[in-house]
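Below is one structure, written out as structure tokens; comments come after it.
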Amino acid sequence: MPMVIVLLFFFITKNVLLKPIETNKDALTYLTQLGYNQNQCNSTSKLPCSLSTSSGIREYQKAFGLKETGQLDKSTKELLNKPRCGNSDTPHASKLSKLASMNSKWKKKHLKWVLRSRSSHISEEQTIQIIHEAFEAWTKHTPLSIERVCTNCEADVVFDFADGDHHDGAPFDGPGRTLAHAFFPEDGRVHFDASEKWTEKFDGHDTNLFLIAVHEIGHALGLDHNRHDKNSIMYPYYQFMDKHRILPDTDRQSIIDIYGSRETRKSLDPYSKMIAVLRNKATHKVLDSNSNKDVYTLDHNGSNYQKWVFIQQDDGTYILKNAATSFVLDSNNEHMYTHVLNGGHFQKWRFHRQNDGSYVMKNLATSRVLDSNGAGNAYPLDSNGGDYQKWFIEAI
Ligand SMILES: [Zn+2]
Ligand SMILES: [Zn+2]
């Protein structure tokens, strides 16, 4: 008996806010939201609505391998009421959007992300860790790198937990059914329904944040739903998956198709002909110089004095030539400066990639690394693992 009460309580709290899909009208509204039946049942259509409801249901049944009855039968109703992503299944169905889909990727390689709010069920620290891991599940296969910035900082990808109507035209529906949604590049908004019972645990209960975050970040990076492969993390319905199955092969290939693979980047080494800005991880200032051969950091202003041409050497090091002055980055034990190219070891830099996608730049002659501070000074120092010694390479 107590078990029955517990179950009943669970059922009531879980569904108290959400009206299940029961009627053809409910189904039509919901299927239209999900991208089915798009041009069938509007004011200009000559088809009666009942007919288009049937064709919408049939389209949905076909997509998910259900018996194509065109009726709101038991199995169709069951699937419609299951928890899933709120993104449309055919977001790029129209001609115009198809074009958008082809260009649906981030042009920059370094993406900043921020967590603006969280669920009451998972701590902020854990949420940050989960989102970081979910992001890396994708980016580690590509040349993309990610960086979390402060809560109020500007970012490319913005994560929020929101309740009900949160002013983006796609209100959440309370516990159950719609769990989250995300916008395609280069929008970057990722929203989780705050009224879900989110969990960090992989015990098959409640809604696992990591799995949904991987899915939504997939959208934020440009991937559509994959309705035909239940093994894909981009399958629209929530399904429990072991963490070690992330990222499934099919999704790995999809993200590589858009951004290329990390291996390709290494072997082709685009740095050999690259012009880039070097942005410090701690200060966000970029490496700058002037015609007096001074080297320092400054806020990014787009001038050629802040652009560096990467010239790859046979030993794997690089010479960095300033795009405005044509002097190259040089140093001794104490100072950074630029100088005419002389081919010496003091002008050669080895780039050590860090887990966050940034680089530590070590001088070949002194073994000191390029360091900086908040006052805008740039200088060589022994490596200490600090963020002031980490530089993001932003190709132009
Ligand atoms: Zn989705
Ligand atoms: Zn939203």
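The values are calculated or read from the model by the stated rules, or taken from the named source; none is laboratory data. These figures come from a predicted structure and were not determined experimentally. All Cβ positions, even for glycine, are placed from backbone atoms using ideal geometry, and neighbour counts span all protein chains on display. What goes into the accessible areas is simple: the full protein's heavy atoms, side chains included, and nothing from ligands, DNA or RNA. Shrake-Rupley method; radii C 1.70, N 1.55, O 1.52, S 1.80 Å.
Could you provide, to the nearest whole Å², the per residue accessible area of the chain with probe 1.4 Å? Write out the running numbers ahead of the final one.
Numbers: 19800 Å² over 396 residues.
Per residue, the chain has an accessible area of 50 Å².
Take the cross-link list LYS77/LYS197; LYS281/LYS307; LYS105/LYS348; LYS77/LYS230; LYS25/LYS243 and give me the ones stretching past 27 Å between alpha-carbons. Please list the in-between numbers first.
Details: LYS77/LYS197 23 Å; LYS281/LYS307 17 Å; LYS105/LYS348 34 Å; LYS77/LYS230 19 Å; LYS25/LYS243 38 Å.
Checking Cα-Cα distances, LYS105/LYS348; LYS25/LYS243 exceed 27 Å.
With +1 on the Cβ of every Lys and Arg and -1 on the Cβ of every Asp and Glu, and nothing else charged, how large is the dipole of region 269-395 about its Cα centre, in debye rounded to the nearest 20?
160
Considering only protein heavy atoms and a probe of 1.4 Å, how much of the accessible area of region 269-395 is carbon and sulfur, as a whole percent?
45
With a length cut of 18 Å (Cα positions projected on each helix's long axis) and a Kyte-Doolittle mean of at least 0.5, go through the chain and give me the DSSP H helices that pass.
Once both thresholds are applied, what remains is 2-15.
Counting only residues 5 or more places away or on other chains, whose amide H sits under 5 Å from the amide H of ARG189 once H atoms are built in the peptide plane?
Here VAL158, PHE183 satisfy the definition.
At 1.4 Å probe size, with no ligands or nucleic acids counted, give the accessible surface of LEU381 in Å², nearest ten.
60
Among bridges DSSP assigns within the chain, what percent are antiparallel (round to 5)?
Once the DSSP bridges in the chain are tallied, antiparallel ones form about 70 percent.
Summing Lys, Arg as +1 and Asp, Glu as -1, what charge do residues with Cβ under 12 Å from the Cβ of ILE122 carry, ILE122 excluded?
-2
Ignoring ligands, DNA and RNA, what percent of the accessible area of region 99-264 is carbon or sulfur (1.4 Å)?
Carbon plus sulfur share of accessible area: 45 percent.
Around PHE202, which amide H atoms from residues at least 5 apart in sequence, or from another chain, sit under 5 Å from its own amide H, with H modelled in the peptide plane?
none
Give me D for the chain in µm² s⁻¹, whole number, from Stokes-Einstein with Rh from the Kirkwood sum over alpha-carbon pairs, 25 °C and 0.890 mPa s. Could you put the intermediate results ahead of the total?
Working: Rh = 23.9 Å.
For the chosen part, D equals 103 µm²/s.
Anyone know which of THR338, THR366, THR23 comes out most mobile in the 10 Å Cα GNM of the chain?
Result: THR23 has the largest fluctuation of those listed.
Cβ under 11 Å from ALA170's Cβ, ALA170 left aside: what net charge do those residues give with Lys, Arg +1 and Asp, Glu -1?
-3
May I ask for the percentage of alpha-carbon pairs in region 99-264 that lie more than 24 Å from each other? Walk me through the intermediate numbers first.
Numbers: 4057 of 13695 pairs.
Looking at region 99-264, the distances longer than 24 Å represent 30 percent of pairs.
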